[in-house]
Amino acid sequence: MAGFDAWRAGARVGRAWRTVGADVALVPLAEMGPGWQQAKENLAGPDNTLFIPLDGRDHDSGPMLLSFLSGGGPSTLVDAVGTGRAASGVDLLDIDRVRDHLAERPLIGLCRSGEQDTVLAGAQGLAGRRVDLPLRERLALDRMLRAWADLLAASSSDPSGPADGATLAATPGSGAGGGAGAVVQALGGRVLTGPQALGEIADLDRTIAAADLVVTCCEDFDVDAWGGPVVEYVVQRAAAAGRPVVVITATNHVNLTGQRRNGVEAVHAIGTGDITDACLTFAQSWFW
Amino acid sequence: MTDTVTEKITGVTLTDAAAEKAAGLLRAEGRDDLALRIEVQPGGCAGLRYRLAFDDEQLEGDLVDHYDGVDLVVDRMSAPYLGGAVIDYADTIERQGFTIDNPNAVSTCACGDSFH
């Protein structure tokens with residue numbers, strides 16, 4: 001907001017509440033990208049977890065990711081499915097070798113908000129959603145994706161991995177990042193959005209449970225994006241804990257009824273001035 | 001509604017009225033190479049939507065039920081969402097056209113074309 005990253009924007013907002021006497025806990029949240037990396041560095045030092053951005057969109061994204069992690073191999077869906085011979089016992093995907101290379105580091109695939117529940121195959125999978133394609137082509141692509149999921153599941157000897165290809169293809173998040181999520185899950189990892197991953201690192205739920213008020217920020221608050229994925233995530237977590245949420249934004253286009261219907265107690269528009277100064281009066285009104 | 005005895009390969013039941021209407025449309029077109037295909041696609045205000053159309057294509061994995069004068073076809077991707085669904089046809093003051101009653105739908109939108 002206002003050109004500041006999550007940490008710096010949050011610090012300026014938090015200063016207003018601190019000025020009026022509140023105890024403030026700051027948790028930077030962001031979508032995957034440079035802002036996420038900065039927020040993670042602000043939150044915690046280096047750790048052992050491997051975070052992989054799942055920013056692909058097309059159906060070759062999964063094979064490309066596995067090829068990258070393997071240091072080579074078929075990097076397109078057609079090649080991977082065409083050359084995989086799991087049924088004959090020849091494992092060309094070598095998931096186990098990749099897992100060994102990761103040295104049991106926890107693995108998290110970072111996906112765009114909105115993709116954390118997408119599945120790899122089926123009517124709501126990567127192929128099913130391609131309504132721009134004729135049904136014949138959608139079905140053919142879906143068959144390839146299912147075959148790909150079968151190869152991924154069959155090539156792993158990890159008992160904590162997917163039971164079979166059908167299970168993997170139907171797991172929420174397997175379709176994230178153009179299907180790269182399925183590779184992460186086959187490797188025993190999880191698929192999370194940027195805010196989810198940072199929220200986990202920061203134990204956001206515990207922080208919210210200890211708070212009287214949750215304050216979040218965005219550039220614009222309107223009926224199209226409702227402040228964006230970070231605001232959406234914060235509202236969801238605060239609602240789960242029964243805590244009120246207020247939004248600090250540069251511009252607000254939503255009336256009080258719309259705010260309340262979307263889980264926001266109040267929105268404070270601050271324009272382009274100093275963030276802390278602009279929040280002082282608003283913070284005072286919420287301090288008791 | 002009749003035809004409740006026979007197990008449907010597609011999982012979908014076409015009522016007598018719907019079958020008669022579809023067969024009549026095919027006769028009017030002079031086409032005996034078309035089947036009635038019902039498909040589920042992402043979209044609509046509730047998440048998923050139906051597409052009901054005549055189709056001359058036979059696709060791998062298609063499920064087919066034969067009625068008097070018309071075949072009903074469901075593709076492999078749509079079948080899990082349509083088990084137990086009933087396609088009916090009405091032509092009254094209150095309601096006109098083909099309708100789809102789907103027990104798998106948790107909710108539907110007011111237009112009736114989209115479900116979740």
Expressed as an acute angle from 0 to 90° and rounded to the nearest 10, what is the orientation of the C-alpha long axis of helix A:275-285 relative to the principal long axis of chain A? 70 degrees
May I ask you to derive the relative contact order of chain B, considering only C-alpha pairs under 8 Å and at least 6 residues apart, and to give it as an integer percent? 30 percent
FRET E, pair B:GLU60, A:ASP55, Förster distance 41 Å, beta-carbon r, rounded to 0.05: 0.80
What is the helix-to-structure angle for A:34-43, meaning the angle in degrees between its Cα long axis and the longest Cα principal axis of chain A, kept from 0 to 90 and rounded to the nearest 10? 70 degrees
P(r), alpha carbons of chain A - 10 Å bins starting at zero, rounded %: 7, 26, 27, 19, 14, 6, 1, 0
Per-residue average of other protein chain Cβ atoms inside 10 Å, peptide A:135-142 -> 4
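If you put +1 on each Lys and Arg Cβ and -1 on each Asp and Glu Cβ, how big is the dipole of the protein assembly as shown around its Cα centre, in Debye rounded to 20?
So the magnitude is around 1340 debye.
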Helix A:176-186: inclination vs chain A longest Cα principal axis, degrees, rounded to 10, gives 70 degrees
GNM on chain B, Cα springs under 10 Å; top mean-square fluctuation among B:ALA23, B:ALA79, B:ALA53 goes to B:ALA53
Taking Cα pairs closer than 8 Å and at least 6 residues apart, the relative contact order of region A:46-160 in percent is 31 percent
Can you give me the distance in nm between label points at A:ASP277 and B:ASP101, each placed 7 Å from the Cα along the Cα-to-Cβ direction? 6.8 nm
Pair B:GLU20, A:ARG18: separation of 7 Å Cα→Cβ label points (nm): 7.9 nm
Calculate, in nm to one decimal, what A:GLN37 and A:LEU133 gain on full extension: separation in residues at 0.36 nm each, minus their alpha carbon distance. 30.9 nm
Which of A:ARG146, A:ARG261, A:ARG15 fluctuates most in a GNM of chain A (C-alpha springs under 10 Å)? That residue is A:ARG261
Over what distance in Å are the Cα centres of region A:152-172 and region A:46-63 separated? 18 Å
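Rounded, prolate or oblate for region A:50-194? Axes are the square roots of the Cα gyration tensor eigenvalues, ordered a ≥ b ≥ c, and the cut-off for rounded is a/c under 1.5. Could you put the intermediate results ahead of the total?
On the way: a/c = 1.67, a/b = 1.17, b/c = 1.42.
Since a/c reaches 1.5 but b/c is at least a/b, the shape of region A:50-194 is classed as oblate.
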Determine, for each peptide in B:15-22, B:27-34, the mean count of other beta carbons within 10 angstrom over its residues, then list the peptides with the highest first. B:15-22, B:27-34
A correct Karplus calculation of ³J(HN,Hα) over region A:117-132, with 6.51 cos²θ - 1.76 cosθ + 1.60, θ = phi - 60°, whole Hz and x for Gly and Pro, returns 10, 5, 10, 6, 10, x, 4, 9, x, 4, 6, x, 7, 7, 5, 6
Of A:LEU54, A:LEU26, B:THR99, whose Cα points farthest to the positive end of the dipole of the protein assembly as shown (charges on the beta-carbon: +1 Lys, Arg; -1 Asp, Glu; origin at the Cα centre)? A:LEU26
So how do A:61-71, A:176-186, A:46-56 stack up, highest first, on mean other-Cβ count within 10 Å? A:176-186, A:61-71, A:46-56
Over all Cα pairs of chain B, how is the pair count split among 5 Å bins, expressed in % and running from 0 up to the last occupied bin? 2, 12, 22, 24, 21, 14, 4, 1, 0
Mean Cβ neighbour count within 10 Å, used as a protection proxy, ranking B:96-103, B:82-89 highest first: B:82-89, B:96-103
About its Cα centre, how strong a charge dipole does region B:13-115 have in debye, to the nearest 20, once Lys and Arg get +1 and Asp and Glu get -1 at the Cβ? 420 debye
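No lab work stands behind these numbers, since they all come straight from the coordinates. Bear in mind that the values here come from a model prediction, so they are computed numbers and not experimental data. Glycine also receives a Cβ, built like all others from the backbone with ideal geometry; neighbour counts cover every protein chain displayed.
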